[in-house]
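Visitor: Mind having a look at this structure? Questions to follow.
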Amino acid sequence: MFTKNKIINLHFVLLVISFSSGFGQGYLQTSNTNIIDGNGNKVILRGVALGGWLVPEGYMFQIPGSGSPTTIREKIVNLVGENSANEFYEKFEQNYVQEQDIKAIADWGFNSIRLPLHYKFLSPSKDVYIEKGFTIIDSLVSWCKEYKLYLILDMHAAPGGQSPGEIADAHGVAELWTIKENQDHLIDIWGEIAKRYSNEKTIGGYDLINEPVLPNNMGNKENRNLHLRIRNQIRKYDQNHIIFVNGNWYSTSFGGLTPAFDNNMVWAFHKYWNDVTIGTIQYLLNLSNQTNTPLWLGEFGENSNEWWARVIDLVESKGIGWNWWTYKKYDTITTIASVPITKNYQAILDYWAGKIPKPSQAVNASGLMEMAEGLLLENCEIRRGVISSLLEKSYRKESRPFKNHFIPGEIAFADYDLGALGVSYMDYDYMRTGVGDQISGGNSGWSYRNDGVDIESSNDTTIIPYSVGWTQAGEFMNYTVNVLKSGDYTFSVRSSSSANQGAIVIYSGQEKIIDAVNLPVTGGNQIWIDTEIGEAYLSKGLQTLKVLIGRPEVNLKLLKIESNEAKNGLISFNHQIYPNPTSNQLIIEYESLFNTQINFAIYNINGQKIWATVRRSKPGKNLVIWSGTSSKGRQVSSGIYFLTLDDSNKTIQEKITLIR
């Protein structure tokens with residue numbers, strides 16, 4: 001991943017393909033323009049990168065001014081000293097990826113992983129190899145084998161730096177290309193990797209040089225020559241694995257790399273921050289066809305759910321697999337796993353930003369260890385929308401619940417359904433495009449979710465501490481709701497506006513049920529007012545409510561839908577008691593409009609209470625069973641008894657007959 005100019009535009013094409021996405025037997029291989037498994041089945045690689053683990057990038061950790069792996073370590077050593085820094089890195093590397101992460105990646109539906117490597121983890125200097133990095137690879141291989149994932153090894157930071165940027169851990173000059181000793185070192189490292197893993201079928205292939213950027217007086221001629229030398233070294237030991245070949249200029253330029261130079265190679269291209277049209281990958285399709293060699297989208301991401309869902313549809317329609325960037329980052333909406341930032345770690349970030357004096361040694365040590373602890377999967381916030389947009393075929397076709405919304409109840413406007421643009425929501429600015437520092441678009445509030453809907457932090461923390469803003473007329477959000485009882489409902493909106501009177505329209509399915517009603521100017525974007533906007537009849541069961549922006553620039557926090565019957569005291573309803581008479585146990589079913597406490601009791605014919613229980617009822621259907629015993633567990637004799645249900649608003653009484 002990078003923060004630099006990448007120049008390719010794309011647009012959406014949706015076609016259905018039927019290639020294998022599973023884990024086959026044998027080595028991944030190439031066959032003409034396809035990747036196949038050991039059984040000869042076509043394979044579409046659907047992968048995720050473990051970026052930031054062995055090649056840390058400052059932006060991933062919210063470090064001011066970003067930072068390369070080397071400069072990040074220097075900052076940490078200056079903060080806490082060499083010994084404490086070593087303790088931190090040990091915990092950091094241990095927690096970033098564990099077996100539970102690999103299992104989760106497989107469970108979500110990925111079939112491959114790309115591991116970015118720093119050469120120093122394997123060989124800090126020529127002819128010197130350390131086992132630590134190979135042990136990490138070995139662990140990952142064993143986990144991937146267990147969960148049936150292919151592992152692609154990626155040289156993300158090569159000796160001297162394959163580009164002048166921070167991601168290559170360079171210092172402004174790409175010295176891989178200008179110093180022969182660096183090239184020789186890289187070639188030797190790949191030879192060592194090939195020796196060790198030549199017979200490992202879990203390895204999907206070798207991604208030889210990530211995102212090369214050659215000096216101005218060089219180009220793909222020199223890039224090809226180095227790739228060819230690496231290839232020759234690998235083939236001395238390994239005839240089994242695919243080699244992935246990256247073009248110049250961040251893996252986007254392939255002129256001068258042809259012809260193909262191995263019978264088991266793939267052209268690896270990268271893609272960021274652009275539109276999605278077939279024309280923008282046509283040169284790559286031509287490259288594939290002319291050289292009879294497959295393509296692989298080795299890196300893309302750092303955008304909105306809508307953007308990469310379109311990219312996936314586009315490349316898969318041409319039989320091209322992909323690997324998405326990246327699995328974990330700190331406090332973000334653009335990864336699967338968002339790592340929390342603690343108070344102590346934020347103090348470190350503020351110090352590095354020049355906002356506060358250097359914190360105490362205790363705060364710094366705690367902040368770093370908390371940073372490492374937050375990397376554990378159980379401490380991360382999982383972005384369900386990201387996973388859905390990457391892997392679920394229903395994402396572009398149907399609106400599905402993001403949360404369980406019961407009516408009557410309150411719905412946070414930011415909790416709209418999962419799904420694509422035009423399916424679950426409509427927003428005019430739905431992806432991030434641009435060049436360099438001019439990249440913009442998508443969620444303007446940069447909070448909570450990663451669609452086009454603009455969500456920002458809110459001072460009103462009811463349900464969630466977020467609200468929807470930057471609204472424009474014609475935008476909408478869908479909400480799958482479960483109406484618990486047919487009847488008339490009153491709709492209210494909690495909104496804010498600094499200057500303009502907005503309005504929303506509400507539909508149930510295709511039917512307009514609430515017309516546009518003025519929402520007040522509140523005098524500030526975080527000054528909230530509840531406004532009743534109308535009444536409508538809702539039928540029991542699942543349905544979709546669409547909230548359409550009628551007039552713009554209104555901020556939306558809550559949609560409150562209140563049962564008119566509930567206003568008059570209805571809480572529990574539709575109770576059933578069976579079998580009655582009973583010889584053993586009595587089943588009590590009922591429905592509730594709210595989370596509420598209900599008291600149950602059974603009395604004998606003399607009015608003596610023989611059994612009682614209190615249940616916290618949930619919205620919808622509930623069930624309680626009486627086993628025919630007293631509260632002390634003694635069996636109750638035959639006779640007539642009376643059951644009461646008390647929801648604190650009303651009491652229901654039923655006669656029951658027990659026959660032994």
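Visitor: If I filter the stretch 294-309 down to residues being in a strand (DSSP E or B) and hydrophobic (A, V, I, L, M, F, W, C), which single residue comes out as farthest from residue 97 (Cα to Cα)? Can you show your working first?
Guide: Step one: filter the stretch 294-309 for residues in a strand (DSSP E or B), giving 295-301.
Going one step further and asking which of them are hydrophobic (A, V, I, L, M, F, W, C), we end up with 295-297, 300.
Details: 295: 28, 296: 24, 297: 23, 300: 21 Å.
Once the filter is applied, the top-ranked residue is 295.
Visitor: Now a separate question. Considering every residue within the stretch 372-383, establish whether at least one is touching a residue at least 24 places away in the same chain (Cβ under 8 Å), of a type outside the set (Ser, Thr, Tyr) and closer than 24 Å to residue 475 by Cβ.
Guide: Among the residues of the stretch 372-383, at least one is touching a residue at least 24 places away in the same chain (Cβ under 8 Å), of a type outside the set (Ser, Thr, Tyr) and closer than 24 Å to residue 475 by Cβ, which makes the answer yes.
Visitor: Given the criteria hydrophobic (A, V, I, L, M, F, W, C) and within 30 Å of residue 413 (Cβ to Cβ), does residue 623 qualify?
Guide: Working: hydrophobic (A, V, I, L, M, F, W, C): yes; within 30 Å of residue 413 (Cβ to Cβ): no.
It is false that residue 623 is hydrophobic (A, V, I, L, M, F, W, C) and within 30 Å of residue 413 (Cβ to Cβ).
Visitor: What residue, among those in the stretch 551-602 that are of a type in the set (Gly, Ala, Ser), more than 41 Å from the chain's Cα centre (by Cα) and not in a strand (DSSP E or B), is farthest from residue 626 (Cα to Cα)? Lay out the reasoning, then the answer.
Guide: If we filter the stretch 551-602 for residues that are of a type in the set (Gly, Ala, Ser), which is where we start, we get 563, 566, 569, 572, 583, 592, 601.
Still in the running and more than 41 Å from the chain's Cα centre (by Cα): 569, 583, 601.
Next, only the ones that are not in a strand (DSSP E or B) stay: 569, 583.
Working: 569: 27, 583: 11 Å.
Ranking the candidates gives 569 first.
Visitor: Output yes when any residue across the stretch 175-186 is surrounded by 22 or more Cβ atoms within 10 Å (Cβ to Cβ), part of a loop (DSSP other than H, G, I, E, B) and more than 36 Å from the chain's Cα centre (by Cα), and no when none is.
Guide: For the stretch 175-186, residues surrounded by 22 or more Cβ atoms within 10 Å (Cβ to Cβ), part of a loop (DSSP other than H, G, I, E, B) and more than 36 Å from the chain's Cα centre (by Cα): present.
Visitor: For the stretch 141-180, name all the residues that are polar (S, T, N, Q) and over 14 Å from residue 106 (Cβ atoms).
Guide: Narrowing the stretch 141-180 to residues polar (S, T, N, Q): 142, 162-163, 178.
Result: 162, 163, 178.
Visitor: Right, next: Spot the failing condition for residue 644; the list is (1) within 50 Å of the chain's Cα centre (by Cα); (2) assigned to a loop (DSSP other than H, G, I, E, B), and only one is missed.
Guide: (2)
Here's the yes/no breakdown for (1) of a type in the set (Gly, Ala, Ser); (2) out of contact with any His (no Cβ under 9 Å at 6 or more places or on another chain); (3) more than 25 Å from residue 264 (Cα to Cα); (4) without any contact (Cβ under 8 Å) to a residue 24 or more places away in the chain:
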{"position": "110", "(1), (2), (3), (4)": "no, yes, no, no"}
{"position": "164", "(1), (2), (3), (4)": "no, no, yes, no"}
{"position": "174", "(1), (2), (3), (4)": "yes, yes, yes, no"}
{"position": "205", "(1), (2), (3), (4)": "yes, no, no, no"}
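Visitor: Conditions: (1) under 28 Å from the mean Cα position of the chain (by Cα); (2) within 30 Å of residue 440 (Cβ to Cβ); (3) of a type outside the set (D, E, K, R); (4) at pLDDT 95 or above. Residue 208 meets all but one. Number of the miss?
Guide: Checking residue 208 against (1) under 28 Å from the mean Cα position of the chain (by Cα); (2) within 30 Å of residue 440 (Cβ to Cβ); (3) of a type outside the set (D, E, K, R); (4) at pLDDT 95 or above, the one that fails is (2).
Visitor: Residue 266 - would you say it is touching a Pro at 6+ places or on another chain (Cβ under 7 Å) and at pLDDT 95 or above?
Guide: Numbers: touching a Pro at 6+ places or on another chain (Cβ under 7 Å): yes; at pLDDT 95 or above: yes.
Criteria met by residue 266.
Visitor: Do any residues in the stretch 89-102 that are farther than 15 Å from residue 146 by Cα have Cβ atoms under 9 Å from those of residues that are among the acidic types (Asp, Glu), where the two are at least six apart or on different chains, and which pairs are they?
Guide: 91/373; 95/373
Visitor: Of all residues being surrounded by fewer than 20 Cβ atoms within 10 Å (Cβ to Cβ) and touching a helix residue (DSSP H, G or I) at 6+ places or on another chain (Cβ under 6 Å) in the stretch 188-199, which is farthest from residue 266 (Cα to Cα)? Just the residue, please.
Guide: 195
Visitor: For residue 66, work out the one condition from (1) under 25 Å from residue 210 (Cα atoms); (2) in contact with a strand residue (DSSP E or B) (Cβ under 9 Å, 6 or more places away or on another chain); (3) of a type in the set (S, T, N, Q) it doesn't fulfil.
Guide: Just one mismatch for residue 66, condition (2).
Visitor: Anything in the stretch 278-307 that is among the acidic types (Asp, Glu), on the phi < 0 side of the Ramachandran plot and in contact with a Lys or Arg (Cβ under 9 Å, 6 or more places away or on another chain)? List them, or say none. Reasoning before the result, please.
Guide: Step one: of the stretch 278-307, the residues among the acidic types (Asp, Glu) are 299, 302, 306.
Now restrict to residues that are on the phi < 0 side of the Ramachandran plot: 299, 306.
Residue satisfying the conditions is 299 alone.
Visitor: Also, quick follow-up: Can you confirm whether the stretch 391-407 contains a residue that is of a type in the set (Asp, Glu), part of a loop (DSSP other than H, G, I, E, B) and within 30 Å of residue 594 (Cβ to Cβ)? First the steps, then the outcome.
Guide: Within the stretch 391-407, the first condition is being of a type in the set (Asp, Glu), and the residues that meet it are 392, 398.
The next check asks that each one be part of a loop (DSSP other than H, G, I, E, B); those that pass are 392, 398.
Now restrict to residues that are within 30 Å of residue 594 (Cβ to Cβ): 398.
Looking through the stretch 391-407, at least one residue is of a type in the set (Asp, Glu), part of a loop (DSSP other than H, G, I, E, B) and within 30 Å of residue 594 (Cβ to Cβ).
Visitor: What's the number of the condition residue 545 fails, among (1) part of a strand (DSSP E or B); (2) farther than 18 Å from residue 494 by Cβ?
Guide: (2)
Visitor: May I ask you to list the residues in the stretch 145-169 that are part of a strand (DSSP E or B) and over 19 Å from residue 74 (Cα atoms)?
Guide: Going residue by residue through the stretch 145-169, those that are part of a strand (DSSP E or B) are 150-157.
Listed by number, the residues that qualify are 150, 151, 152, 153, 154, 155, 156.
Visitor: Could you check the stretch 622-641 and list, in sequence order, the residues that are touching a Gly at 6+ places or on another chain (Cβ under 8 Å) and assigned to a loop (DSSP other than H, G, I, E, B)? Write out each step before concluding.
Guide: From the stretch 622-641, those touching a Gly at 6+ places or on another chain (Cβ under 8 Å) are 635-636; that's our starting set.
636 - this is the single residue of the stretch 622-641 that is touching a Gly at 6+ places or on another chain (Cβ under 8 Å) and assigned to a loop (DSSP other than H, G, I, E, B).
Visitor: Oh, and also: Are there any pairs with C-beta distances below 6 angstrom linking a residue in the stretch 511-530 that is in the same structural domain as residue 468 (by TED's automatic domain parsing) to a residue that is part of a strand (DSSP E or B) and basic (Lys, Arg), with the two at least 6 apart or on different chains, and if so which?
Guide: Sorted first by the residue in the stretch 511-530, then by its partner, the pairs are 528/494; 528/557; 530/494.
Visitor: State which residue is surrounded by the most Cβ atoms within 10 Å (Cβ to Cβ) when the search covers only the stretch 276-325 and only residues that are of a type in the set (D, E, K, R) and closer than 15 Å to residue 44 by Cα.
Guide: So the first thing to find is which residues in the stretch 276-325 are of a type in the set (D, E, K, R), and the list is 299, 302, 306, 310, 313, 316, 318.
Still in the running and closer than 15 Å to residue 44 by Cα: 299, 313, 316, 318.
Numbers: 299: 31, 313: 20, 316: 21, 318: 16.
Going through the qualifying residues, I end up with 299.
Visitor: Out of all the residues in the stretch 322-333, which are at negative phi and in contact with a Ser or Thr (Cβ under 8 Å, 6 or more places away or on another chain)? Steps first, please.
Guide: Initial filter on the stretch 322-333 (at negative phi): 322-330, 332-333.
Matches in the stretch 322-333: 323, 326, 327, 328, 329, 330, 332, 333.
Visitor: Now, a different point. Give the residue that is nearest to residue 572 (Cα to Cα), with candidates limited to residues of the stretch 647-660 that are over 53 Å from the mean Cα position of the chain (by Cα) and of a type in the set (Val, Ile, Thr).
Guide: Keep residues of the stretch 647-660 that are over 53 Å from the mean Cα position of the chain (by Cα), which gives 655, 657-660.
Add one more test, that the residue is of a type in the set (Val, Ile, Thr), and what stays is 657, 659.
Details: 657: 23, 659: 28 Å.
So the residue we want is 657.
The values are calculated or read from the model by the stated rules, or taken from the named source; none is laboratory data. Just so we're clear, the structure is a prediction, and the values are computed from it rather than from any experiment. Counting neighbours? That spans all protein chains shown, and the Cβs are built from the backbone with ideal geometry, glycine included.
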